[in-house]
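Each reported figure results from applying straightforward, stated rules to the coordinates on display, with no laboratory input. Nothing here was measured: the structure is a model prediction, and the numbers come from that model. Cβ: placed from backbone, ideal geometry, glycine included. Neighbour counts: every protein chain shown.
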Amino acid sequence: MHRTAPLETSEEQSVLLPVVPPSAATGKTKRKKTTSVVKNFVLDTNVLLHDPYCLNRFENNHIFIPVEVLGEMDKFKNEQTERGANARTVHRFLTQTFDHQTNKVISGVATAGGGTVRIFINDALNTDHPSAAIRRFIEIFPDKSQVDHKIMAACLALQEQEKTPAVLITKDLNMQLKAMALGITCQDYLNDKVSAEDAEEGELRKIKVQAHELQRFGSAQSIDLEESRTGKLEINEYVLLEASEQKLMPARHIGNGHFQRLKVPQSLQMPRGIELRPANLGQLCFLDALLDPSISLITCYGQAGTGKTLMAVAAGLYLTGQREYNGMTVSRPVVAMGDTLGFLPGTLNEKLHPWLQSIYDAFEVLLPIHPQRNEGPGAPHASERKKQKKQSVQQPDNNGGAQTTPLKPYEQLIQRGLLEIEALCYIRGRSIPNRFFVLDEAQQLTPLEAKTVVTRMSKGSKLVMVGDPAQIDNPYVDRRSNGLVHTRNKLRGHKLTAHISLTKGERSPLAEMGATLM
């Protein structure tokens, strides 16, 4: 496995690397006038695997890729995963950049940002007369075979060869600590990181209004307020209009100071399931966005127990029952995509079952085995219900015979094609029309994986990405660089998108206490 531990670093040890300007897309080198000191950046393997397009995002600085990094990427190029695709992308980019010009591989080729990129070969660890810095390095790290040590030694050698400052860029926190202990300047790659505030859950903003204005808003369903009173707001941002501590009303800003009342039914009746009501203001705003056909993408932050998955699945079932969508698709990232599914027995749904247990839990809450009678649009006809009673699965009993186990309600939806379990490792290249797509635990995605999912949505589809940025298991992302916060940050402020933060736990008093105090 590759070495990565991208935990949070302090702001003093981090640098935001600017994105390449639009003019760079032409492929022409355009150097900018800048007063900043040109630097030499040495890239670790995990940076290239995290963002294979990063080589054009260092402006007029010089990029050095240790030859050991190429050796590490060669191990991943045959993987049928996002990591393997990124490794192949880097290989193709470097091949096209150097264009088989041997002399430029070492001397450097101009990048679109105005700097250069080159392969760096360092033999300082094997020379008979090493410098004082290299001798000290060998004493501290005598194992010369570790790639980490070779890359750090390359930084030391580069500092001695060049007058320009050398900076190691890596997402490996342990390597950062080692490098800093040796006096090597080390930074995280922050080009796709959002600000700390954008990765946190936030309460609804309160806007002061007069009592008569709130009364008029309640009756007219809308109100216009000047920006001097509201401050700068995004499109589809949810707020609380407050006349007093007891008089509050949620609203959605739809642009240009125009606020609209939430259009939410008192409850959602699941087809052949329970009746669900929003438990707090956050869930009320979330449900408003979920039911609005003009919003195609919703991102939702929320800690464990806030109801983000349950509300998203409930809205999908409700809208599918109302014939608003052809069906519902649910998925959840499998960390180390593509490597784990094959080791589990059974069909694709059976392989995914352990990873999607939280989704199944939500279905079993919303669609219990003994449901309430509901003859709404999503409920099957009487003739179909007779067929469903006959539907069952045969399982062996203790005596060697077979016993009949009725299908659960959500299993019947899968058989009818209204519910689909999607493996993200197979989503590349798909086009998904007129589906309600729920992506749970979206904070486990990398920004490029999130882009892949978003760009699969065809006309009529709605994508709901939910997760908790504070709970990261994927070693390639952290709280500020995962796919969920990246999607929210890049697509915020558009009419097709909305964002909601859920802060109040509803699972149980114990779960709420554990989430906040532990």
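Brief remarks on what is shown
- Label point 7 Å beyond Cα of Lys208 along Cβ direction - residues of segment 229-273 with amide nitrogen under 16 Å: 229-232, 240-248
- Working from the Cα coordinates of segment 444-518, the gyration tensor eigenvalues give, after taking √(5λ), semi-axes of 26, 17, 11 Å in decreasing order.
- Segment 410-470: proportion of alpha-carbon pairs further apart than 18 angstrom, %: 37 percent
- Per-bin percent of Cα-Cα distances, segment 198-261 [10 Å]: 22, 58, 18, 2
- Taking all C-alpha pairs of segment 122-236, those more than 18 Å from each other amount to 67 percent.
- Calculated Rg and Dmax of segment 87-155 using C-alpha coordinates, Å: 15.4, 40
- Modelled spin labels at Ser431 and Arg416, positioned 7 Å past Cα toward Cβ, are 2.8 nm from each other.
- DSSP-defined beta bridges in segment 198-261 - what % are antiparallel, rounded to 5: 75 percent
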